[in-house]
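To start, the structure itself, in structure tokens.
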Amino acid sequence: RLAITHCLCNLRPKVATHAGMCLLMSDIEALKPSNTGWLIADVVADTFAFEWTRTAVDPALLALLADPQWQPLVVYPGEFVEAARVVQAIPGLAQPGSAVPDKRPLFILLDGTWAEAGKMFRKSPYLDGFPMLSLNPDQPSRYKLRHSRRDDLHCTSEVAALCLELASEPRAAQTLAAYLDVFIHHYLQAKYQSPVDLESDAHQRLYELRTCI
């Protein structure tokens, strides 16, 4: 949803990943120009997105969560649940090419504002049985397109990149991070009616990663 003059569709990278992403999107989150969830879908082929509502659950979402190939993990701060449910590593992680039939990680991301994410977490009982992955990023968020009351919060694409790192998918994590930086550049340039700098550091980094895919 960028201005046509600042479109980045021709820069879309696609990386083969073992992990998958499941986006639960609040209300009109998918329609917001500043949303970064769709950047994940551009990079990670196995990305699934569902609109979240309090009163109904999409049967396709329940089928995905029950699919035996996946190990769903709810990505949310561990301070809000009992410690026994929180994991720091990914349980049952199947390695690409392994002869051992194991599960692929499916990261469940609550895509919305901090308040909306909290509401989704509290009012989605079908997520209660899954482990919760609590991230502790050591770098501040680079996402400056919205204001937050919490300084430690990261946007959805940043969280997804951290998850990919934990899943031993560094190439995908780096590509998604670079793609997000390019998106932020295009968004801000469009906002201030300035031309895109296709030779910026962010673009150069994305070009380098794309040639390695």
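Numbers below:
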| quantity | calculated |
| --- | --- |
| Dipole of the chain, positive direction: furthest Cα of His6, Thr36, Met132, with charges on the beta-carbon | His6 |
| Per-residue SASA entry for Tyr207, accessible area with 1.4 Å probe, Å² rounded to 10 | 70 Å² |
| Charge dipole of the stretch 156-199 about the Cα centre (unit charges at C-beta), most positive-ward option of Leu164, Ala190, Tyr179 | Ala190 |
| Inter-part distance where the stretch 1-55 and the stretch 153-213 are each reduced to a Cα centre, Å | 13 Å |
| Nearest-ten-degree value, helix 170-191 long axis tilted from longest Cα axis of the chain | 50 degrees |
| Residues of the chain: accessible area per residue with a 1.4 Å probe, Å² | 53 Å² |
| Kirkwood Rh and Cα Rg combined as Rg over Rh, evaluated for the chain | 0.96 |
| Dipole in debye (nearest 20) - the chain, about Cα centre, beta carbon charges: Lys, Arg +1; Asp, Glu -1 | 340 debye |
| Global geometry of the stretch 1-88, whether rounded, prolate or oblate, following the gyration tensor of its Cα atoms and the 1.5 cut on a/c | prolate |
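The values are calculated or read from the model by the stated rules, or taken from the named source; none is laboratory data. All of these numbers come straight from a predicted model, not from anything done at the bench. Neighbour counts are summed over all protein chains in view; Cβ atoms, including those assigned to glycine, are modelled from backbone coordinates with ideal geometry. Accessible surface areas use protein heavy atoms only, side chains included; no ligands, DNA or RNA. Shrake-Rupley method; radii C 1.70, N 1.55, O 1.52, S 1.80 Å.
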